[in-house]
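Below: the structure, in structure tokens.
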Amino acid sequence: MRLLLPAGTTETALVDGISAAGATPELMKHTPSADAEILAYGRPVTAPVTPVSPNGCPTPAAVTRAVREILEFDVSIVDAGLAEPTAAPTVDLGVDPGADIRESAPVPEAAAIFDRAATYATSLPDDDLVIGETVPGGTTTALGVLTALGEPAAVSSSLPANPIECKRRVVDDALEASDLSSGGLDGQPLQAIEQMGDPVQATAMGLVTGALEADIDVTLAGGTQMIAVAALLRHAGLEGPLSIATTSFVADEQGDRLGEACYRLNCELTVTDPGFDGREHVSMERYCAGEAKEGVAMGGALSLVPEDRLPMVLDRFEVVCDRLGIDD
Ligand code: AAM
């Protein structure tokens with residue numbers, strides 16, 4: 001099994017109050033680079049910060065890393081538009097950061113990125129891939145492409161109180177900037193990413209397509225951003241079942257909408273509950289309060305953990321938090 005992590009950025013994350021995937025907008029551009037280092041080395045190496053929410057909730061990369069330290073799976077990080085350097089080894093597919101979706105073409109190279117990611121994934125030696133994401137602002141760009149495709153527009157948030165009205169305003173402005181109406185790009189997924197999305201979506205879509213072509217089993221590891229990737233794949237004509245693994249934090253927030261979206265997109269849904277409510281640790285309490293919720297393949301990584309090893313993973317998460325300087 002290999003975890004593939006497309007890591008990138010969109011300037012859409014700079015909209016005030018739209019994301020908690022970083023303590024401040026200035027620090028948020030380092031989040032994907034730091035997430036990559038945490039996954040690869042267990043702590044930031046050259047990135048200036050450990051990504052935390054404004055309330056100090058640590059990045060889901062810390063959970064995925066804890067699982068990795070117990071289960072020891074391979075990881076490849078794909079540079080899907082990093083804006084800052086990372087000391088993690090990355091696969092270079094020549095992907096640039098995404099612009100604000102309120103510009104007319106935030107991902108002008110979407111089709112080329114898709115092709116390169118598909119070619120890369122087709123060549124992998126693995127039997128199983130878990131594909132995650134890290135892209136602050138990614139739930140807003142997910143709303144962007146879902147709206148352009150004419151799919152039900154329900155997305156989660158890294159904030160406990162989802163700033164959904166703010167996201168809708170940004171998406172409305174983005175539609176206007178691209179001279180589009182809702183549903184105007186039905187059946188045109190790469191165009192939807194080019195005009196309304198982010199480079200991580202183009203990369204993830206290509207990775208899944210290439211892997212499935214090579215008969216590699218794929219799990220989409222994430223919440224509503226992966227629902228958006230699944231919708232993009234369906235609009236590209238991909239048939240056959242897909243599979244999504246996400247956390248109970250996303251499932252609790254989304255209620256029936258998550259299962260309905262998976263049913264409509266023919267996606268098998270796995271929801272993992274890490275049992276954080278049974279522990280007294282400030283990071284776990286913050287997750288239980290609805291912060292962060294998912295990201296960096298957290299739900300997919302947790303879905304690999306046999307039940308009897310979950311306590312070991314939680315112990316290790318505490319060790320990782322300690323290493324990252326997060327108070328307990
Ligand atoms: C990724 N790194 C993170 C993080 N994510 N570090 C701290 N907190 C998170 N939540 P939004 O659209 O609200 O920004 O949520 C999406 C982001 O949150 C993604 O980067 C996802 O991987 C997660």
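The values are calculated or read from the model by the stated rules, or taken from the named source; none is laboratory data. Just so we're clear, the structure is a prediction, and the values are computed from it rather than from any experiment. Backbone-built Cβ (ideal geometry, glycine too); neighbour counts: all protein chains shown.
Screening region 130-151 for residues that are among the hydrophobic types (A, V, I, L, M, F, W, C), in contact with a strand residue (DSSP E or B) (Cβ under 9 Å, 6 or more places away or on another chain) and within 13 Å of the ligand (Cβ to nearest atom) and picking the one that is farthest from Asp16 (Cα to Cα) gives Ile131. In region 265-287 there is no residue matching the filter, namely being under 30 Å from Asp115 (Cα atoms), modelled with pLDDT of 95 or more, within 14 Å of the ligand (Cβ to nearest atom) and outside any helix (DSSP H, G or I).
Given the criteria farther than 23 Å from Gly259 by Cα, of a type in the set (A, V, I, L, M), away from the ligand (no atom under 16 Å from the Cβ) and surrounded by fewer than 24 Cβ atoms within 10 Å (Cβ to Cβ), does Ile70 qualify? Taking the combined requirement at face value, the residue satisfies it.
All told, Ala40 falls short of being touching a His at 6+ places or on another chain (Cβ under 8 Å), more than 21 Å from Pro274 (Cα to Cα), more than 9 Å from the ligand (Cβ to nearest atom) and not β-branched (Val, Ile, Thr).
With respect to being within 12 Å of the ligand (Cβ to nearest atom) and part of a loop (DSSP other than H, G, I, E, B), Gly22 fits the description. Suppose the filter is among the polar types (S, T, N, Q), touching a residue at least 40 places away in the same chain (Cβ under 8 Å), within 11 Å of the ligand (Cβ to nearest atom) and within 14 Å of Gly98 (Cβ to Cβ); does Thr50 pass it? Considered against the rule, which asks whether it is among the polar types (S, T, N, Q), touching a residue at least 40 places away in the same chain (Cβ under 8 Å), within 11 Å of the ligand (Cβ to nearest atom) and within 14 Å of Gly98 (Cβ to Cβ), Thr50 comes out as no. Might you let me know whether region 42-60 holds any residue that is outside any helix (DSSP H, G or I), surrounded by fewer than 24 Cβ atoms within 10 Å (Cβ to Cβ), within 18 Å of the chain's Cα centre (by Cα) and aliphatic (A, V, I, L, M)? Scanning region 42-60, I find no residue that is outside any helix (DSSP H, G or I), surrounded by fewer than 24 Cβ atoms within 10 Å (Cβ to Cβ), within 18 Å of the chain's Cα centre (by Cα) and aliphatic (A, V, I, L, M), so the answer is no.
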